1. So Trp16 clears everything in (1) part of a loop (DSSP other than H, G, I, E, B); (2) modelled with pLDDT of 95 or more; (3) not aliphatic (A, V, I, L, M) except one condition, right? Which one?
2. Which is of a type in the set (Lys, Arg) and under 18 Å from His77 (Cβ atoms), of Lys470, Lys461?
3. Name the helices (runs of 4 or more DSSP H) wholly inside region 25-131 in which the number of residues that are under 29 Å from Lys469 (Cβ atoms) is 3 or more.
4. If you scan region 132-148, which residues turn out to be among the acidic types (Asp, Glu) and assigned to a helix (DSSP H, G or I)?
5. Mind listing whichever residues of region 265-284 are of a type in the set (S, T, N, Q) and surrounded by fewer than 19 Cβ atoms within 10 Å (Cβ to Cβ)?
6. Starting from region 1-29, take each residue that is crowded, with 22+ Cβ neighbours inside 10 Å and list its partners that are in a strand (DSSP E or B) and among the aliphatic types (A, V, I, L, M), counting only C-beta distances under 6 angstrom and pairs at least six apart or across chains.
7. Tell me, please, whether a residue that is assigned to a strand (DSSP E or B), in contact (Cβ under 8 Å) with a residue 24 or more places away in the chain, within 25 Å of the chain's Cα centre (by Cα) and more than 26 Å from Ile427 (Cβ to Cβ) can be found in region 251-269.
Amino acid sequence: MLKDKYRNTFPEDFLWGGAIAANQAEGAWNEGGKGLSLNDIVPYTKDMDYDDIKIIRSRKEVEDGLTNEANIYPKRHGIDFYHTYKEDIALFAELGLKAFRTSIAWSRIFPKGDEAEANPEGLEFYHNLFDELLAHNIKPIITLSHYEMPLHLITEYGGWQNRQVVQFFEKYVEVVLKEYSNKVNDWIIFNQINSAFTDPFLALGILEDEIEHPQEAKYQAIHHQLLANAKAVKLGKDIHPKNKMGSMILDLTAYPSSTHPEVMFDNVRYEQEAMFFSDVMIKGEYPGYMIRFFAENDLDIHMEKEDLQILKENTIDFLAFSYYMTTLSHKGSSLTESSGWHISEENRNKHLETSEWGWQIDSKGLRIALNKLYDRYQIPLLIAENGLGARDELTKDKTINDDYRIDYLRKHIIEMKEAIKDGVDLIGYLPWSAIDIISASTSEIAKRYGFIYVDQDDYGKGTKNRYKKKSFHWYQRVIQTNGEKL
């Protein structure tokens, strides 16, 4: 009887796909009625320090992003997906994608975030985009908030620390779900919601220089996002019975740097902190370890009387997560007071290879993450991002021989299959990225992830022509054989 439950291959309906984000691909930052988003003011810096990537912390930096015309803002032009989506989707169909993840730019629907009415041009664009995907039999998997908060909600309201933003987000979500639920039923509410620990500006819209108690403000903003997530789940269920409402975390699997008991326990605490957000979104309540943290750090997180009930009654249907690498934890390691995209040398595992950007390559870590998350939550899992950033070279004959990417993806897919054999309910794989886009952390295109090469440099110059990489043809065969031919 038990052997009938054993699965040793990918399900027939497995969602082989690819992913991008609106802010990294669409461009057209000032077209179609779109307002400024927080990512439209993040500049590209040549010769940046990849071990200490700069993040925006002050109003002065925001003002510089609004006025300094000498800066380059790559996410304003993206890869021009706003205009090229039909041609790009035709390539995705040729690749064989069964699913495609992208996001709706909040500031394209509500340019400032607090308007009474939605922008009709923005609504029309996404209708056209989803129609094009469906015409090619590609399932849209849509993220509602992917680092695309209207800048006005930061400069005028203080970002997610202000409870009013919950109401603005709820209105945006209601409009979008009512508009598109006859075309889209798979929703990821927040992208990498726990990246609030990494970049409070991109994830929470917080300007740290204007806050008297930054840690308390951060957790207040996090509570508001978790509340907004639950309200979005309720809206999704009320608006259309077929809607599946998920949300997404950044996997932060860590290995203890030694077997010392203190280090071992601090690794447990580190991973608890990494999964705090998903604990709330799936179990519907604040875990004891965070309640203790708030009490011992004298953090007064304001909640309305009904908040905890809303969290309890509106939990997500599936958990999406991104997986790129693992790290090492040490005595005293904690996410609760951190910020910044730091990848220090002491956190690198000597047993693993490291990319040019300091990201360690650990395919076995993906199997560990899948087992860890499924054991903890017992709900369907979706790998919403996984991939290798590399400097691809376009040869004279217009080919890109990215065997390194094929090797990376192959090893991760092998571990996915092993996790399925372990009993993990894995429903899909959406590599980052379907096509080259602007990097989220460094705002450069040189850190390429796609199966499709975009002829464009870090300054937005180039033919913008698309070329299929060697990995395109490899992944095409993987999809055609449902993961059997790697």
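The values are calculated or read from the model by the stated rules, or taken from the named source; none is laboratory data. As the structure is a computational prediction, the values presented were derived from the model and not from experiment. FYI the Cβ positions are ideal-geometry reconstructions off the backbone, even for glycines, and counts take in every protein chain you see.
1. (1)
2. Result of the check over Lys470, Lys461: Lys461.
3. Once the helices (runs of 4 or more DSSP H) in region 25-131 are filtered for at least 3 residues that are under 29 Å from Lys469 (Cβ atoms), what remains is 74-77, 81-95.
4. Answer for region 132-148, where residues must be among the acidic types (Asp, Glu) and assigned to a helix (DSSP H, G or I): just Glu132.
5. Gln272
6. Every condition considered, the pairs that remain are Gly17/Ala99.
7. yes
This table checks each residue for (1) in contact with a Cys (Cβ under 8 Å, 6 or more places away or on another chain); (2) crowded, with 18+ Cβ neighbours inside 10 Å; (3) at pLDDT 95 or above; (4) not polar (S, T, N, Q).
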residue: Ala118; (1), (2), (3), (4): no, yes, yes, yes
residue: Gly122; (1), (2), (3), (4): no, yes, yes, yes
residue: Asp131; (1), (2), (3), (4): no, no, yes, yes
residue: His136; (1), (2), (3), (4): no, no, yes, yes
residue: Pro140; (1), (2), (3), (4): no, yes, yes, yes
residue: Thr143; (1), (2), (3), (4): no, yes, yes, no
residue: Pro150; (1), (2), (3), (4): no, yes, yes, yes
